[in-house]
Amino acid sequence: MRTQADADLAFSDRLLQLERSVAGDLTGPLDAALKAAAEAAATAWIAAFGSLRAQPTDPAKAKVIGEAFAAALSALPIDVTGPLITAAQEAFSITLDHAAVLLDGHGEDVPAVPSINHRPGAVAAVQAIRDRIDKSMRLAKTLDSVGGFTHMVADSRVITSVVKAQCTQGVFGTAATGMLMAAREAGVSKLWVAERDACLHCTAHAGLFVKPGQSFPAVTYSTSKPLEPVSAPPLHRWCRCHLTLWKPSWHEPGPTGVPSYPDTLRREAKRSVLQGRRLPSESETARLRAAKQLLETPGALDRAPKSVIRQAETAVRKGEFQPRPDPKRAAENRAARERRNQR
Ligand SMILES: [Zn+2]
Ligand SMILES: [Zn+2]
């Protein structure tokens with residue numbers, strides 16, 4: 001049988017694929033409409049004032065261009081309730097299938113999980129998108145300078161990002177709800193699996209498991225702000241962590257005493273903090289502070305490899321992490337060296 005880690009990874013990959021597919025379907029026509037609106041506004045600006053760098057000579061003409069842009073925004077294709085409901089249904093059923101495989105694989109009964117209505121979530125998502133469009137429209141209606149023109153066009157692109165965030169929420173939020181329901185019906189714990197390259201808040205949740213009715217403790221590796229306890233991911237916008245099912249009796253330590261799945265998740269999370277793995281959006285300083293705090297917490301590093309600890313200590317002392325070796329770059333360097341040696 002596949003390990004639960006492999007099965008969970010395949011599950012989150014399916015969710016990710018679903019998210020990408022629905023986000024692609026929804027943002028394609030939206031991006032095209034935004035591009036057309038921006039081009040029309042640019043053409044009008046050049047016709048009125050000579051160039052895209054020229055300040056408006058007539059404020060009334062600038063206002064007309066801003067109002068035309070706002071009208072184009074109000075007509076954006078965002079009637080996406082249907083596709084969002086379909087995506088949520090799909091995420092829900094992928095989740096229940098995965099829960100059934102896990103329970104069955106561990107010899108547990110697979111309970112029936114009641115279906116839920118995905119419409120309110122989709123309606124709220126479309127409302128959030130509409131609210132963001134309204135904000136861009138208000139900005140467009142104040143257009144009175146060339147700086148304002150650039151700002152107006154850049155701001156309208158945020159609408160696409162809001163649609164994408166709603167797709168992430170729709171897929172991963174629904175999956176978490178489904179798994180929470182499955183855990184409750186089956187009477188097993190919910191276990192937090194952090195996404196790859198998770199942030200310092202999510203990383204600290206990795207491997208934690210609690211009873212379905214309980215909240216996860218408000219833990220974080222970040223030294224900046226305290227969190228609130230939550231009952232399930234997403235922990236924040238764009239969070240792609242997921243829940244899985246767990247029961248301590250499922251752990252089979254074997255003769256060699258292998259660590260349990262939750263323990264392995266926690267260790268991997270700590271190792272990622274010590275190695276300074278981060279997304280481009282996160283600051284290295286925050287990651288260094290987290291590594292320092294982890295190094296200084298008594299008992300936190302149990303069974304972490306010595307080499308990883310040493311590297312983290314060096315990084316904290318120097319104030320920067322060693323860049324992670326890039327396998328592709330390493331192969332290119334090797335090839336270049338060989339070519340030099342042949343000359
Ligand atoms: Zn996170
Ligand atoms: Zn997360």
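Annotations
Listed here are the residues, each with its yes/no results for (1) within 20 Å of Ala7 (Cα to Cα); (2) within 16 Å of ligand 2 (Cβ to nearest atom); (3) touching a helix residue (DSSP H, G or I) at 6+ places or on another chain (Cβ under 6 Å); (4) in a loop (DSSP other than H, G, I, E, B).
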residue	(1), (2), (3), (4)
Glu195	yes, yes, no, yes
Val219	no, yes, yes, yes
Thr244	yes, yes, yes, no
Glu252	yes, no, no, yes
Pro255	no, no, no, yes
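- Residue within segment 83-97 that is modelled with pLDDT under 95 and in a helix (DSSP H, G or I) present: no
- Whichever residue in segment 257-281 is of a type in the set (D, E, K, R) and over 20 Å from the mean Cα position of the chain (by Cα) and, among such residues, is nearest to Lys318 (Cα to Cα): Arg271
- Thr57 falls short of the stated requirement of being modelled with pLDDT under 95, surrounded by fewer than 13 Cβ atoms within 10 Å (Cβ to Cβ) and within 34 Å of the chain's Cα centre (by Cα).
- For segment 219-242, filtering for residues that are within 14 Å of ligand 1 (Cβ to nearest atom) and in contact with a strand residue (DSSP E or B) (Cβ under 8 Å, 6 or more places away or on another chain) leaves 5.
- For segment 260-343, the helices (runs of 4 or more DSSP H) that sit wholly inside it and include 3 or more residues that are modelled with pLDDT of 85 or more are 261-274, 284-296, 306-318.
- Test for Gly173: is it more than 13 Å from ligand 2 (Cβ to nearest atom) and either assigned to a loop (DSSP other than H, G, I, E, B) or of a type outside the set (Val, Ile, Thr) (or both): no
- Hey, Ala182 more than 16 Å from ligand 1 (Cβ to nearest atom), crowded, with 19+ Cβ neighbours inside 10 Å, of a type in the set (A, V, I, L, M) and under 27 Å from Val123 (Cα atoms) or not: yes
- When every residue of segment 244-251 is checked against the conditions, none turns out to be within 30 Å of Lys292 (Cβ to Cβ) and modelled with pLDDT under 95.
- Selected residue [buried (at least 21 other Cβ atoms within 10 Å of the Cβ) and either of a type in the set (A, V, I, L, M, F, W, C) or farther than 30 Å from Ala41 by Cβ (or both)] from Val188, Val158: Val188
- Close contacts from segment 282-300, counting a first residue that is within 14 Å of Arg317 (Cβ to Cβ) and among the β-branched types (Val, Ile, Thr) and a second that is at pLDDT below 85 and surrounded by 16 or more Cβ atoms within 10 Å (Cβ to Cβ), with Cβ to Cβ under 8 Å and a gap of 6+ residues or different chains, come to none at all.
- Odd one out for Lys292, checked against (1) within 16 Å of ligand 2 (Cβ to nearest atom); (2) out of contact with any Phe, Trp or Tyr (no Cβ under 8 Å at 6 or more places or on another chain); (3) among the basic types (Lys, Arg): (1)
The values are calculated or read from the model by the stated rules, or taken from the named source; none is laboratory data. Remember, it's a predicted structure, so these values are computed and weren't measured experimentally. Note that each Cβ is placed from the backbone with ideal geometry, even for glycine, and that neighbours are counted across all protein chains shown.
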